[in-house]
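The values are calculated or read from the model by the stated rules, or taken from the named source; none is laboratory data. It should be emphasised that the depicted structure is a prediction, and the values quoted were computed from it without experimental measurement. Positions of Cβ are generated from backbone atoms using ideal geometry, with glycine treated the same way; all protein chains shown enter the neighbour counts.
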Amino acid sequence: MRLLKSPLLPIILLLFLLGISTKSYAINGDKYVVNKASAENFPLASKGKTASILVSATDFPGVLKVAGHVENDLFKVTNIHPKQIKTLSEATDYVVIIGTIGKSEIIDQLVREGKIDATQLQGKWEKFTTQIVDNPSKGIKKALIIVGSDKRGTIYGMYDLSNQIGVSPWYFWADVPVKKQSELHVLSGIHSNGEPKVKYRGIFINDEAPALSGWAFDTYGGFNAKFYDKVFELILRMKGNYLWPSMWGRMFYVDDPQNAVLADEYGVVMGTSHHEPLTRAHAEWANLGKGKWDFSTNSENLISFWKEGMKRMGNTETIVTVGMRGDGDEPMTQGTAIDLLENIVKAQREIIKEVTKKPIEETPQMWALYKEVQDYYDKGMRVPDDITLLLCDDNWGNIRKLPELNAKPRKGGYGIYYHFDYVGGPRNYKWINTNQIERTWEQMDLAYQYGVDKIWIVNVGDIKPMEFPTEFFLDLAWNPEKWNAGNLDQYYMQWAKENFEDQNANEIAQIIKLYTKYNSRRKPELLNEKTYSITNYSEAETVLNDYKKLVEKANAINTKLKPEYKDAFYQLVLFPVLASANLNELYVATAKNQLYANQGRASANSYAKQVKELFQKDSLLTNYYHTKLANGKWNHMMVQTHIGYTSWQEPKNNVIPETKSIELLNKAEVGIAIEASENWWPNSAAEIVLPTYNSAENKSYFVDVFNRGTMPFDFKIIAKDNWIKVSKSKGKINTEERILISIDWKKAPKGDTKSQITISANNQNFTVIVNTKNIDLKEVKGFVENNGLVSIEAQHYSRAINSEVKWTVIPNIGRTESGVTLKPSNIQSIEISEKSPRLEYDIHLFQKGILKVQAYFSPTINFSTREGLKYGIAIDDEKPQIINFNEKDSDKTWNKAVADNIKIITSSHKIESAGNHVLKFYGIDPALVLQKIVIETESGKILESYLGPPESFQKK
């Protein structure tokens, strides 16, 4: 917020002292509407009255329409309808004057009279200013003037005011209530969000059946103007300006001709997806086209088809898609000649020029380098300079291509097509929000630093449940320079405040932050009973406990929320938490059933029953969403299949995981199982050996004593030494008991010791070996080896050596903790030297020999013409190994990386002595995000798990 007059400073100080924040709950700007009156402020609503609203009849119809929305918003907040007036002469006392420069007679008059400084707006793109003018005309004490440089600038100014008074963009789409207020006062000064940094910022409604389509037909009778009225309003309230409409079986221009009329009225720029040239929907060819979708054999009919699209477009604001893919968003015929595609673009541009009767560069166009089309570009295909090159991610949020740093500027510039939802390999993902804004920021910041600022568009699937990442994407597009790795936490907080007032905003922010993190570890459609280990590293239990804590917090908040907020909370927070937690519990229960059935455990059958109950609970949660939430408003919205995938495409309906039921022996029969093993005794002939205990870690390990029959039995556990602690030394086993074995390190011998416990049950004795390592930590530095492994979270480096680029921690990104990367990203490769940027990790090892170092990264794609993104890695003073992160890229490795949401690269190193060492990670290329490092010694073995070994003890 920029202040015009220094006398305002005491007012702001007074507001501060009164505890009234000048910071907005709105995401995009400072708070300029407060609840306290002053002589300098403008009384938008006060003492039972609201200011009247004046919009010139000569302004854009869309401006007049949105002025009506603002009037309704003020009524929702104050319960008072503002009076709409048509001329200045009708105004008295306090009036809100809204208009567009050059289009509003009233605004132009105020400019001529010097009441408004038009130089701040003339020639600007989508800019608005909101300011108070004293005595603008006879009989008016103060006017609040919202002025736009163009149609959307004015509309953004109005919706910004609505946001300031407490109307969320999600008031309809997520039922966020409007906070009732009787006093609304606008602070003095010029309030503006400036111009957007990215010119076109939009969403793509895609993969919309059966969820959104079912809802739209139930609610509006289809994807018609009634439906799109809500979509356009949502986009503009979030300061977006661009839309690719629903496409599968849908025809935006044909289904309802008013769709295009309404888009033009609102000022929403229309486009069509990457495979729908010249404004024609794919379904239009299926319904209206003649012959094959093949330019080499059917060019005449295609040209005629495309001409009709251009004629229909008229003068409406549109970015015209050029190029061509195969029928139905498929690749063109194998070996498609670049010459053919270049001729297609040439023919399309002739059509555009012929129909519009304008120079070709005056019609915005874009060519999407989607999937195989990028291959044509990489092999040398080029399009004219005025066409925007729409670069794409890999459908999983990882950008495939960026301009070269030394590339000549393009008149058409560059854009990005990004995904929050996708139908395709390795699996569909469209049921629930699995997108971390930290990863979105990291990738889109990378794009912006490489000069991609013409178009940002994101596939949002059904719109719901992608509310949170969608608004973040559009806010980021407005000003990518506002958000960085250090303040993303604030976004969660501001969003929570905007949509839930000050009701537990901190806790809500944390829940959204964590549920998106947990869901991004692996998409729900990719989950199965084998994802998380139920035997190693307490992984499955940890995952379930993570979700359980969120469920408890979300339920506790829900009980305390004001009733009117509960529908919004269910949609935006509670349902994704409950449903995701339930799904993970379902698969862990399945895993336990299958393992325990193989071990003959009596508890196997109870887990089979639990799986059925959890499967039913999933349907009950969905049914509540469809029939009870907001009185059934959102029927169909959560219908996407998400359980039982076996290929990229979903089964028709959710499929319950397969479970096993076993016949139990009609007697007591003992079984023993331990942590880090799927073996069971007495079935196995191997010794029963627990993982080695390490005094630095001070962990417990479990022994399961279980029944394989129907009759209970007694058990007793005796430790050989008094420094071995047992959570329960005797008792009766009906089904099973988990016993925790730990060490009293004050009593335990120093160094390496072997001891044991004996389990006696049902006339059988089992010896369990207990190995300990009681360490003297005086000489130890850094992360300490345990069971032959060292595991390190990347942000816990011992030292960061920076240069012209700096190591930046991106909090929360990735599967476990955070990530570390180099910023800025728009740099050339760095040659390794003593001064080059590196991260150093102190480690302590108990043996010499060969080390295998696994580096866990975000699954970044080689987006440039480099042979691959590289980093260096070394132990101590050895010559750094230069690792090409992308050297072994293939369809198979890509599938695994995006499914796991991690890419692991292994290097080998040799050390000549035990003791303290330093692992050095050298930055060479930008954009690599290091999340974790796991070191395996010759005596160690990384056990099977999804998230990898938990972090080792670190002596600081």
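Per-structure values
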quantity	calculated
Qualifying residue in region 83-94 (condition: among the β-branched types (V, I, T) and either touching a helix residue (DSSP H, G or I) at 6+ places or on another chain (Cβ under 7 Å) or under 17 Å from H185 (Cβ atoms) (or both))	no
Residue check for F223: within 28 Å of Y417 (Cβ to Cβ), hydrophobic (A, V, I, L, M, F, W, C) and touching a Lys or Arg at 6+ places or on another chain (Cβ under 6 Å)	yes
Set K180, K197, K138, K124: member being in contact with a Pro (Cβ under 7 Å, 6 or more places away or on another chain) and surrounded by fewer than 19 Cβ atoms within 10 Å (Cβ to Cβ)	K197
Single residue of region 897-943 satisfying the filter (closer than 19 Å to I813 by Cα and of a type in the set (K, R)) that is surrounded by the fewest Cβ atoms within 10 Å (Cβ to Cβ)	K903
Candidate set from region 203-233 (those that are in a loop (DSSP other than H, G, I, E, B) and of a type outside the set (D, E, K, R)); member that is surrounded by the fewest Cβ atoms within 10 Å (Cβ to Cβ)	G221
Filter pass, A286 being among the hydrophobic types (A, V, I, L, M, F, W, C), modelled with pLDDT under 95 and over 25 Å from the mean Cα position of the chain (by Cα)	yes
Of all residues making up region 440-470, the number that are surrounded by fewer than 24 Cβ atoms within 10 Å (Cβ to Cβ) and in contact with a Gly (Cβ under 6 Å, 6 or more places away or on another chain)	1
Members of region 512-547 found to be more than 28 Å from D704 (Cα to Cα) and not in a helix (DSSP H, G or I), listed by number	R522, K523
Residue within region 547-558 that is free of Cβ contacts under 8 Å to residues at least 12 places away in the same chain, among the basic types (K, R) and either surrounded by 23 or more Cβ atoms within 10 Å (Cβ to Cβ) or within 19 Å of Q503 (Cβ to Cβ) (or both) present	no
Options N623, N582, N631, N598: the member that is more than 30 Å from I557 (Cα to Cα), of a type outside the set (D, E) and assigned to a helix (DSSP H, G or I)	N598
One residue from N528, N484, N499 being under 26 Å from G202 (Cβ atoms), surrounded by fewer than 20 Cβ atoms within 10 Å (Cβ to Cβ), at pLDDT 95 or above and not hydrophobic (A, V, I, L, M, F, W, C)	N484
Count of region 254-291 residues which are touching a residue at least 24 places away in the same chain (Cβ under 8 Å) and part of a loop (DSSP other than H, G, I, E, B)	11
E541 being within 28 Å of F702 (Cβ to Cβ) and surrounded by fewer than 19 Cβ atoms within 10 Å (Cβ to Cβ)	yes
Selected residue (criterion: surrounded by the most Cβ atoms within 10 Å (Cβ to Cβ)) from residues of region 143-162 that are touching a strand residue (DSSP E or B) at 6+ places or on another chain (Cβ under 9 Å) and within 17 Å of A45 (Cα to Cα)	I146
Number of the exception - I106 against (1) surrounded by fewer than 20 Cβ atoms within 10 Å (Cβ to Cβ); (2) assigned to a helix (DSSP H, G or I)	(1)
Output for region 880-892, where each listed residue is out of contact with any strand residue (DSSP E or B) (no Cβ under 8 Å at 6 or more places or on another chain) and surrounded by fewer than 17 Cβ atoms within 10 Å (Cβ to Cβ)	E887, K888, D889, S890, D891, K892
In region 70-99, the residues that are under 22 Å from E40 (Cα atoms) and among the small types (G, A, S)	A91
Test: residue in region 704-720 that is outside the structural domain of N605 (by TED's automatic domain parsing), crowded, with 16+ Cβ neighbours inside 10 Å and among the hydroxyl-bearing types (S, T, Y)	no
Flag if T130 is of a type in the set (V, I, T), touching a helix residue (DSSP H, G or I) at 6+ places or on another chain (Cβ under 6 Å) and closer than 21 Å to E40 by Cα	yes
Search result, residues across region 180-202 that are in contact with a strand residue (DSSP E or B) (Cβ under 6 Å, 6 or more places away or on another chain), part of a loop (DSSP other than H, G, I, E, B) and more than 16 Å from D30 (Cα to Cα)	E183, V198
S304 being of a type in the set (G, A, S), in contact (Cβ under 8 Å) with a residue 40 or more places away in the chain and more than 22 Å from R410 (Cβ to Cβ)	no
Subset tally (residues that are closer than 14 Å to V768 by Cα and either under 40 Å from the mean Cα position of the chain (by Cα) or of a type in the set (A, V, I, L, M) (or both)) for region 668-698	15
Qualifying position, being over 12 Å from the mean Cα position of the chain (by Cα), assigned by TED's automatic domain parsing to the domain that holds I399 and closer than 30 Å to Y946 by Cα, among K464, K454	K464
Test: residue in region 360-368 that is in the same structural domain as Y253 (by TED's automatic domain parsing), in contact with a helix residue (DSSP H, G or I) (Cβ under 6 Å, 6 or more places away or on another chain), small (G, A, S) and under 24 Å from N206 (Cα atoms)	no
Number of the exception - Y701 against (1) over 39 Å from the mean Cα position of the chain (by Cα); (2) under 27 Å from T753 (Cα atoms)	(1)
Region 640-653, subset touching a residue at least 24 places away in the same chain (Cβ under 8 Å) and either in contact with a Gly (Cβ under 6 Å, 6 or more places away or on another chain) or surrounded by 21 or more Cβ atoms within 10 Å (Cβ to Cβ) (or both), residue nearest to L572 (Cα to Cα)	Q640
Among the residues listed as V820, V809, the single one being surrounded by fewer than 22 Cβ atoms within 10 Å (Cβ to Cβ), under 32 Å from the mean Cα position of the chain (by Cα) and not in a loop (DSSP other than H, G, I, E, B)	V809
